[in-house]
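Q: Take a look at this one; I'll ask things after.
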Amino acid sequence: MDSAVLHATEIIRDSSQLNIHTFIKKSTDPLHSRVEKQLGAVLFDKNMTQQSYLNILIAMRNSYSIMEHSVSAYGATQQLLIGRSKLGWLDQDIAYLQASQKASSANLNKHVDLNNIHNVSQAFGMMYVMEGATMGGGHIFKALKKHNWINELEGIRFFYSYGDLRGEKWAQYIQALKQYHNHNPHSADDILLGANTAFSVISQSLGDIN
């Protein structure tokens, strides 16, 4: 397991005074910040190249393929994933960039040391990151639209995600998470492990893209 995952998982062990959403948000902050910096260094750069953006998309495709496969192994999270898969959006964006931009189709897929998701609680934690990313994606979407080589919805479908339904879809997931935790009050540590594992998967996939 990534040592950062272990460290972050140990930051807050007592969730008894926090609701599960607040507990996970506070406890994942170190890894969340690391991924934000990796993405922000490229996506908020006004001089970002088409190739750098394509590399980001391929890395995210690699990450989400791993994560969606993991959460699909459990009935509850498999049901939650219906209508929430990001792979089709990523495939659209990658195909658009490769076909219409001067960007090569270099294969950036790399081996990611995934700490296997062993139970549904960890799968719920992984989905916390997958769904939470759509909220931050709204800010990235606005930044990407400033590049004249990206159309309104072509090439940025992944970061557009649910569009105006972002808040509603996020609230639905958080409600499901809270309901699950209320019925499984000892699941907090496993949910946290799944979330930190998701951030680690994304961070490893991104690597040193610039």
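Q: Determine the pairs where a residue that is hydroxyl-bearing (Ser, Thr, Tyr), located within the range 43-55, has a partner that is open to solvent by 70 Å² or more (accessible area, probe 1.4 Å) with Cβ atoms under 7 Å apart, the partner being 6 or more residues away or on another chain.
A: Ser52/Asn210
Q: State whether one or more residues within the range 159-179 are acidic (Asp, Glu) and touching a residue at least 40 places away in the same chain (Cβ under 8 Å).
A: The answer is no; no qualifying residue exists.
Q: Can I ask one more? Which of the residues that make up the range 186-210 are open to solvent by 10 Å² or more (accessible area, probe 1.4 Å) and in contact with a His (Cβ under 7 Å, 6 or more places away or on another chain)?
A: Within the range 186-210, just Phe199 meets the criteria.
Q: A further question on this structure: Give the number of residues within the range 16-47 that are part of a loop (DSSP other than H, G, I, E, B) and surrounded by fewer than 20 Cβ atoms within 10 Å (Cβ to Cβ).
A: Total satisfying the criteria: 8.
Q: Consider the range 85-99. How many of its residues are among the hydroxyl-bearing types (Ser, Thr, Tyr), in a helix (DSSP H, G or I) and within 17 Å of Ala133 (Cβ to Cβ)?
A: 0
Q: Also, I was wondering about something else. For residues in the range 152-185 being open to solvent by less than 70 Å² (accessible area, probe 1.4 Å) and not in a helix (DSSP H, G or I), which is farthest from Gln98 (Cα to Cα)?
A: Restricting to residues being open to solvent by less than 70 Å² (accessible area, probe 1.4 Å) and not in a helix (DSSP H, G or I), the top hit is Asn184.
Q: Another question, then. If I go through the range 69-84 residue by residue, how many of them are assigned to a helix (DSSP H, G or I) and either at positive phi or open to solvent by less than 10 Å² (accessible area, probe 1.4 Å) (or both)?
A: Here is the first cut: in the range 69-84, the residues assigned to a helix (DSSP H, G or I) are 69-71, 75-81.
Still in the list and also either at positive phi or open to solvent by less than 10 Å² (accessible area, probe 1.4 Å) (or both): 71, 77.
The number of residues fulfilling the criteria is 2.
Q: A further question on this structure: Scan Asp113, Asp91 and give me the residue that is over 15 Å from the mean Cα position of the chain (by Cα) and modelled with pLDDT under 95.
A: Asp113
Q: Report, by residue number, each residue of the range 138-151 that is open to solvent by 30 Å² or more (accessible area, probe 1.4 Å) and outside any loop (DSSP other than H, G, I, E, B).
A: If the condition is that a residue be open to solvent by 30 Å² or more (accessible area, probe 1.4 Å) and outside any loop (DSSP other than H, G, I, E, B), then His139, Lys142 are the ones that fit.
Q: I've got another one for you. When you look at Ala123, is it at pLDDT 90 or above, closer than 15 Å to His21 by Cβ and surrounded by 16 or more Cβ atoms within 10 Å (Cβ to Cβ), yes or no?
A: no
The values are calculated or read from the model by the stated rules, or taken from the named source; none is laboratory data. Quick caveat, the model's predicted, so the values are computed rather than measured. Ideal geometry is used to build each Cβ from the backbone, glycine not excepted, and the neighbour counts take in all protein chains shown. These area figures cover heavy atoms from the full protein model, side chains too; ligands, DNA and RNA do not enter into them. Shrake-Rupley method; radii C 1.70, N 1.55, O 1.52, S 1.80 Å.
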